[in-house]
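First the structure, in the form of structure tokens, and then the observations on it.
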Amino acid sequence: MVHSSATVSHRFPSLMDTIGNTPLVIAKHLTAHLAHITLLLKLEFFSPGGSVKDRMVKFIIDDAEKRGLLKPGGTIVENTSGNTGAAVAMIAATRGYRAILTMPDKVSKEKQKALKAFGAEIVVCPTSATPDSPEHYVNMAKRLAKEIPNSFRVDQYDNLLNPEAHYLSTGPEIWEQSFGAVDYFVASASTGGTVSGVSRYLKERKPSVQVVMPDPVGSIYYEYFHKGTIPHDAACTYLLEGIGEDHLAKAINFKLIDNVVQVSDENAFKMTRRLAKEEGILAGGSSGANVWAALQLAESLKTPATIVAMIPDTGLKYLSKFFDDSWLASHNLTL
Ligand SMILES: Cc1ncc(COP(=O)(O)O)c(C=O)c1O
């Protein structure tokens, strides 16, 4: 039977409908020596913007539209390490908004170019700018949002809709896809929206779930979690992108995190490359950090356990970085 466009057009999903509902897959090769461990990976690069940030940004923009905070023809401004920016730029493109994205200069060229491809404007700020400097990428976004009329800032660090988005989508997906078998959840943090939102949901369903957060050496979270203090000399000069922080975000809730472990660039990048070569999963550096921490945990466990680790984005965003041997050599890294 032949249908007319008018009768079938409502049956097709829009790009926005493809956000979330990402697969949870088993990683068998990396855990071949650990028969009692089931390691499951949540593949967020299946989302159209290529990362875990799509669902959070869509949730916040939908809410801003509903509440009249973002009006037709308006401008979306946000500070980003590239993935939130890609989600903002993608959604702005589909809905006719202008997008202005500020980021530290360590953000990969692939990510910067992707934002421009979506039609967004980017403002690149020095990674070395301290959190109180006007040059810091977060302060730059705040200033632009104040100055530009009819603009809306997503405010991913302090907007509590960020963890809420993960509480309502990522958490339930992991719970259902793991058939409630999840015992441990591993996710590194920048805003902490993912780890806090997912943890809240999983612990409500199964209070015994333990949440482990890897943190790059040089970020403030490790010391804050273990000692309650913020190191004054946190330079955040590590090479990993999108995780760790130089300031405390409101989106992160440490009461929902059971342990924070430190991860080096080297260990994270090594594991990211193993993920590609041994599991066929081309992912970003934070995925390597998560899987490294998940394997450390797995090796310490004596009884059967199911560990779920986040794979926040795709390795296609970093081909010129830790997948490139000359880049590694230029940073004195041999993996
Ligand atoms: C690659 C990558 N991994 C992990 C995260 C951490 O996510 P969250 O901000 O929800 O803590 C981010 C955030 O920017 C990211 O870009």
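Scanning region 71-95 for residues that are polar (S, T, N, Q) and within 16 Å of the ligand (Cβ to nearest atom) returns ASN79, THR80, SER81, ASN83, THR84. Is there a residue being more than 12 Å from the ligand (Cβ to nearest atom), surrounded by fewer than 20 Cβ atoms within 10 Å (Cβ to Cβ), free of Cβ contacts under 8 Å to residues at least 24 places away in the same chain and on the phi < 0 side of the Ramachandran plot anywhere in region 274-283? Looking through region 274-283, at least one residue is more than 12 Å from the ligand (Cβ to nearest atom), surrounded by fewer than 20 Cβ atoms within 10 Å (Cβ to Cβ), free of Cβ contacts under 8 Å to residues at least 24 places away in the same chain and on the phi < 0 side of the Ramachandran plot. With respect to (1) outside the structural domain of LEU41 (by TED's automatic domain parsing); (2) more than 16 Å from the ligand (Cβ to nearest atom); (3) buried (at least 19 other Cβ atoms within 10 Å of the Cβ), the lone exception for SER178 is condition (1). Any chance region 95-117 includes a residue that's among the basic types (Lys, Arg), in a loop (DSSP other than H, G, I, E, B), out of contact with any helix residue (DSSP H, G or I) (no Cβ under 9 Å at 6 or more places or on another chain) and closer than 20 Å to PRO312 by Cα? Checked against the condition, which is being among the basic types (Lys, Arg), in a loop (DSSP other than H, G, I, E, B), out of contact with any helix residue (DSSP H, G or I) (no Cβ under 9 Å at 6 or more places or on another chain) and closer than 20 Å to PRO312 by Cα, region 95-117 yields at least one hit.
Condition first: assigned by TED's automatic domain parsing to the domain that holds LYS42, closer than 15 Å to PRO214 by Cβ, aromatic (Phe, Trp, Tyr) and without any contact (Cβ under 8 Å) to a residue 60 or more places away in the chain. Can you find one or more residues in region 235-252 that meet it? Checking region 235-252: at least one residue is assigned by TED's automatic domain parsing to the domain that holds LYS42, closer than 15 Å to PRO214 by Cβ, aromatic (Phe, Trp, Tyr) and without any contact (Cβ under 8 Å) to a residue 60 or more places away in the chain. Apart from one condition, ASP17 fits all of (1) touching a residue at least 60 places away in the same chain (Cβ under 8 Å); (2) not in a loop (DSSP other than H, G, I, E, B); the exception is (1).
Comparison of VAL211, VAL186 shows that the only residue that is within 15 Å of the chain's Cα centre (by Cα), under 23 Å from ALA293 (Cβ atoms) and within 16 Å of the ligand (Cβ to nearest atom) is VAL186.
The values are calculated or read from the model by the stated rules, or taken from the named source; none is laboratory data. Since the model is a prediction, treat every value here as computed from it, not as a measurement. Every residue, glycine among them, receives a Cβ derived from its backbone with ideal geometry; neighbour counts consider all protein chains shown.
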